[in-house]
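Heads up, the thing below is written out as structure tokens.
Coordinate-derived values only; no laboratory data. Please read these numbers as outputs of a predicted model, since none were measured by experiment. Cβ placement follows ideal geometry from the backbone for every residue including glycine, while neighbour counts extend to all protein chains displayed.
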Amino acid sequence: MSQLLTVAAEMENPLVPPIPELVIGLLAFVIVFGFLAKKLLPNINKVLEERREAIEGGIEKADAAQTEAQSVLEQYKAQLAEARHEAARLRQEAQEQGAVIIQEMRAEGQRQREEIIAAGHAQIEADRKAASSALRQDVGTLATALAGKLVGESLEDHARQSGTVDRFLDELEAKAEAVR
Amino acid sequence: MSADPTQVLAFETDCHIFQNSGCGFPAPGLHSFLFEPLWGDHDSNLYFNKPMLLALLGSIIIVGFFWAAFRKPKLVPGKLQMVAEYGYDFIRRGIVYETIGKREGEKYVPLVVSLFFFVWMMNLWSIIPVAQFPVTSIIAYPAVLALIVYVLWVSLTFKRHGFVGAWKNITGYDKSLGPVLPLAMLIEFFSNLLVRPFTHAVRLFANMFAGHTLLLLFTIASWYLLNGIGIAYAGVSFVMTIVMTAFELFIQALQAYVFVLLTCTYIQGALAKNH
């Protein structure tokens, strides 16, 4: 202890640094600075930079995905609207077409009905004409036969040749027309 | 009683209060900061003592820690890397970017980070069991660090501003001061160029010196009072030792922080435009 005290007395000033300790202090610091500055801090800086980029890259990717999703959504919405529009248009068209078809069917039905009626009328007219001519013939025959019996000779050939019966019947018809 | 080179305790242990052996309180003093060489001898100026051992050991611990954390850093950090990154980021963003700025400061980050952890480690030795001596309470260690910083900022000043500009920067040349200018320049010259490195080193040294002395005082007192009625006082002293240890833990980090903060301020001042 006393020796230390004497040393302390010799080195009165604790603010005067001894050379060997300065050297060791410098050496110790240079060791730390050398390792940190040359190797370890550049190492970690690189990784920190990579990490920052990775995070920013992730954010960019997410942004891109967001934008894409948005555009796809827009596209779907547009398609949906278009589909709705198309459906409405088709319905409208179908209604119009239906109306036209009904109209046509109706016209067709009308036409067919009229045709049938016309055919019926023609048939009736034809039948009437046939009946009338048959009747006329029969009446003529009967009348001449009756007149022949009354006269006593056959007038048939003569009547037929001269067309008397027809003329008579025409006159009758004309009278009937006149009465009517 | 002669000093034993192998002595590991800071004081003699065979003396208590109320003993009639004639010994007194072995108060701590300047001699508490002197160490017998472990190797070599004082007179030849070629020796190796405990603070030197602690300084080199501290360097190895710092390098070892960062080697383990940053040798193969991962994108997704493990626990150790996370802690080291936090410390690194604190110095980089919290001190360097804040004072010097990101663009200019980036270059000095390795120096400031090394300085901070070096000083902190050297301070921490104060409360690490068995070592229990802050290396920075020997003026040589803060002095060499302050000298590095001094050389750096002075050379930066001359490089940045040229010869005349550098002197204007150092002396705080400002025409608007008028007749006071010569006096102001003289004060600035003294304050910046001569006193600054001294205060930079001594601030750290004195804090650690005082801290260690306080710890020693209470530790020695706890032991010395351990006799008879003194035991009660020994308890108080021991509690004080614990409290002061906790306080030292805080002061050690704070002084390391202050040291590098001043370093950054000096560098910033050297790089700043003349006004």
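Where the centre of each part is set by its Cα atoms, how far does the stretch B:229-275 sit from the stretch B:125-194, in angstrom? The distance from the Cα centre of the stretch B:229-275 to that of the stretch B:125-194 comes to 21 Å. For the residues of A:41-49, the average number of beta carbons from a partner chain within 10 Å of their own beta carbon is 6. Evaluating kT/(6 pi eta Rh) at 20 °C and 1.002 mPa s, with the Kirkwood radius of the protein assembly as shown over Cα pairs in the Stokes-Einstein relation, gives 66 µm² s⁻¹. Using a Gaussian network model of chain A in which every pair of alpha carbons under 10 angstrom is joined by a spring, one finds that among A:V30, A:V47, A:V72 the greatest mean-square fluctuation is at A:V30.
Here the Kirkwood formula puts the hydrodynamic radius of the stretch B:30-271 at 20.5 Å, using every distinct Cα pair. In this Cβ point-charge picture (+1 for Lys and Arg, -1 for Asp and Glu), the protein assembly as shown has a dipole of about 1600 debye about its Cα centre.
Ignoring lysines fewer than eight residues from B:K168 along the same chain, the ones with Cα atoms less than 26 angstrom from its Cα are B:K102, B:K107, B:K159, B:K273.
Electrostatic tally near A:Q70: other residues with Cβ closer than 11 Å to its Cβ, Lys and Arg +1, Asp and Glu -1, net -2. For B:R71 and B:F18, a Förster radius of 51 Å and the Cβ-Cβ distance give a FRET efficiency of 0.30, rounded to the nearest 0.05. Here the label points at B:V258 and A:A176, each 7 Å from Cα along the C-beta direction, are separated by 15.2 nm in the simple model. In a reduced charge model with +1 at each Lys and Arg Cβ and -1 at each Asp and Glu Cβ, chain B shows a dipole moment near 1480 debye about its Cα centre.
Ordering B:V258, B:G211, B:F163 by the projection of their Cα atoms onto the charge dipole of the protein assembly as shown, which places +1 on the Cβ of Lys and Arg and -1 on the Cβ of Asp and Glu, puts B:F163 at the extreme positive end.
Each of B:F116, A:Y76, B:G178 was scored by the projection of its Cα onto the charge dipole of the protein assembly as shown, and the greatest displacement toward the positive side belongs to B:G178; charges sit on the C-beta of Lys, Arg, Asp and Glu.
The length gained by stretching the chain between A:Y76 and A:Q112 to full extension, at 0.36 nm per residue less their Cα-Cα distance, is 7.8 nm. Within the shell defined by Cβ-Cβ distances under 11 Å, the residues around A:V100 carry a net charge of -2, with Lys and Arg each +1 and Asp and Glu each -1.
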